[in-house]
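Structure record follows, encoded as structure tokens.
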Ligand SMILES: [Zn+2]
Ligand SMILES: [Zn+2]
């Protein structure tokens, strides 16, 4: 009886260790930057011998900036296959109608934009072309 309990204890221990190991690997795999001034979808240099985040056996050819906020951003390493998928996804997203964060109107030309008053490391908004042009005019007036 005592032996049986001991085995159960060992099995539970191995299970917990393997879960912790997997979690740790995930944390290492997703690369988080500090506050960053570049925009989502920015292409970063991929360090040599970096593997794809999805395919552990394929070398990454691109490192793309993912979700970004004022705290930092996630970097995603992609192999050729994943990069092609990403490009196809980007084209689809570009054609989709989304709501501008500033004027709340729907538009097909929304892109990630920072409010210049919040600075280079501020929040990123999804902003339509008209609002971006308006902000550019404001910046011009600001420095005249
Ligand atoms: Zn891949
Ligand atoms: Zn707008």
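The values are calculated or read from the model by the stated rules, or taken from the named source; none is laboratory data. Just so you know, these numbers come straight off a predicted model, no measurement behind them. Every residue, glycine as well, gets a Cβ built from its backbone with ideal geometry; the counts of neighbours run over all protein chains shown.
Points to keep in mind about this one:
- When segment 49-63 is filtered for residues that are part of a strand (DSSP E or B) and over 20 Å from residue 39 (Cα atoms), the ones remaining, listed by number, are 51, 59.
- Counting only strands (runs of 3 or more DSSP E) that sit wholly inside segment 64-144, those with at least 3 residues that are out of contact with any helix residue (DSSP H, G or I) (no Cβ under 9 Å at 6 or more places or on another chain) and in the same structural domain as residue 38 (by TED's automatic domain parsing) are 72-78.
- Criterion applied to 126, 69, 115 was being touching a residue at least 40 places away in the same chain (Cβ under 8 Å), under 27 Å from residue 35 (Cβ atoms) and within 21 Å of the chain's Cα centre (by Cα), and the one residue passing it is 69.
- Restricting segment 100-112 to residues that are closer than 19 Å to residue 41 by Cβ and modelled with pLDDT of 95 or more, the residue that is surrounded by the fewest Cβ atoms within 10 Å (Cβ to Cβ) is 101.
A quick yes/no check of all residues on (1) within 16 Å of ligand 2 (Cβ to nearest atom); (2) in contact (Cβ under 8 Å) with a residue 40 or more places away in the chain; (3) closer than 30 Å to residue 142 by Cα:
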| position | (1), (2), (3) |
| --- | --- |
| 48 | no, no, no |
| 73 | no, yes, yes |
| 89 | no, no, no |
| 104 | yes, no, yes |
